[in-house]
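Structure record follows, encoded as structure tokens.
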Amino acid sequence: MTSFNLGLAQIKTRLGDVRANLDKHLAYIDEAVKRDVDVLVFPELSLTGYVLQDLVPTVAHRPTDDDPVFKELLTATKDRGIDMVVGFVDEDARSRFFIGAAYISRGEVVHVHHKVYLPTYTMFHDGRFFAWGDSVRAFDTRFGRFGVLICEDFWHVSAPYLLWLDGADVMLFSNASPGRGLSDEPRPDTARWVEHVLQAYASLFTTFVAHTNKAGFEDGFNFWGGSAVFDPEGLMLAQGPYFDEALTVTRLDLNQLHRTRYSLPLLRDERHALVAREITRITAGAAGARDKGQ
């Protein structure tokens, strides 16, 4: 396909109430289908709420067809012919818990990403309750090659850079970002920072970048919404409202990748073998310094 409709579902969640959040997902799937959405993206931990802490083991699910929650999502996407990204707590066979995002396509789980960077600064405590993910990989969909990252992942340039090198032409970022540093603008400082980062990645990697952020209050935090999509030239295609729930829909023309990369061949000229060699050198040097006690 050369184009598709992308929907960003910036929802309010009920902390720890998976059933209520699942019902909201199913309602948004229905609305998205009515608006001809092909790919629907939910925020980080959209099935559970974000500030979970000790609730983590009680809300975990596995992205399989025998899991009661995912069974309903798989059935809904199959029946409605839609793809989606859903945020959840993933428990592995040894009861390690991950912040996960699953890409589901018409009844099949195509890819699961585990958050690789877990913040433990200011009000964030992810690293206390979750295990680290250990891979960043693009994957094929019926609309092209995609990549998924979660919140803190895209604050580290290494993660989107790896997706870019692995072939991702559309990057889908799921977030649960609380508003901080309110200024004279209608948006918090957090939104300004995030939007600058999204625009930079779209421009530098000549790819589509879509960001879905949670909305509403949870445990004293005010999540600012403001979901947005940028094209490969760094231009904003669409944006949701700040602070409120919304389904924001825009059409992505994948032919723009050809046009932009012809005039700005950053991907063609990227020397990733050089980067890999220099990272190996830097890593070896740092290890040697530690061994010498420096």
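Computed quantities for the displayed model
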| read-out | value |
| --- | --- |
| Pairs where the first residue, in segment 235-255, is under 13 Å from V39 (Cβ atoms) and the second is open to solvent by 20 Å² or more (accessible area, probe 1.4 Å) and among the acidic types (D, E), C-beta under 6 Å, 6+ apart | L247/E31 |
| Long-range neighbours under 8 Å by Cβ, at least six apart or interchain, first residue within 15 Å of T58 (Cβ to Cβ) within segment 16-33, second β-branched (V, I, T) and open to solvent by 40 Å² or more (accessible area, probe 1.4 Å) | G16/T58 |
| Qualifying positions in segment 156-190 - modelled with pLDDT under 95 and not in a loop (DSSP other than H, G, I, E, B) | P178, L182, P188, D189, T190 |
| Any hit, segment 268-280, residues being surrounded by 10 or more Cβ atoms within 10 Å (Cβ to Cβ), outside any loop (DSSP other than H, G, I, E, B) and touching a residue at least 12 places away in the same chain (Cβ under 8 Å) | yes |
| Of the criteria (1) of a type in the set (A, V, I, L, M); (2) surrounded by fewer than 17 Cβ atoms within 10 Å (Cβ to Cβ); (3) without any contact (Cβ under 8 Å) to a residue 60 or more places away in the chain, which one L165 fails | (3) |
| Residue list for segment 180-190, restricted to those being over 20 Å from L247 (Cβ atoms) and surrounded by 15 or more Cβ atoms within 10 Å (Cβ to Cβ) | R180, P188, T190 |
| Tabulated pairs, segment 36-56, first at positive phi and open to solvent by 10 Å² or more (accessible area, probe 1.4 Å), second of a type outside the set (F, W, Y) and at pLDDT 95 or above, C-beta under 7 angstrom, 6+ apart or interchain | D36/N5 |
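For (1) modelled with pLDDT under 95; (2) crowded, with 18+ Cβ neighbours inside 10 Å; (3) in a loop (DSSP other than H, G, I, E, B), each residue gets a yes or a no:
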position: R192; (1), (2), (3): yes, no, no
position: H196; (1), (2), (3): no, no, no
position: Y201; (1), (2), (3): no, yes, no
position: T206; (1), (2), (3): no, yes, yes
position: N222; (1), (2), (3): yes, no, no
position: V229; (1), (2), (3): no, yes, no
position: R251; (1), (2), (3): no, no, no
position: R261; (1), (2), (3): no, no, no
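The values are calculated or read from the model by the stated rules, or taken from the named source; none is laboratory data. Source: prediction; values computed, not measured. Every residue, glycine as well, gets a Cβ built from its backbone with ideal geometry; the counts of neighbours run over all protein chains shown. To get the accessible areas, we keep the full protein, side chains included, count just its heavy atoms, and leave off ligands, DNA and RNA. Shrake-Rupley method; radii C 1.70, N 1.55, O 1.52, S 1.80 Å.
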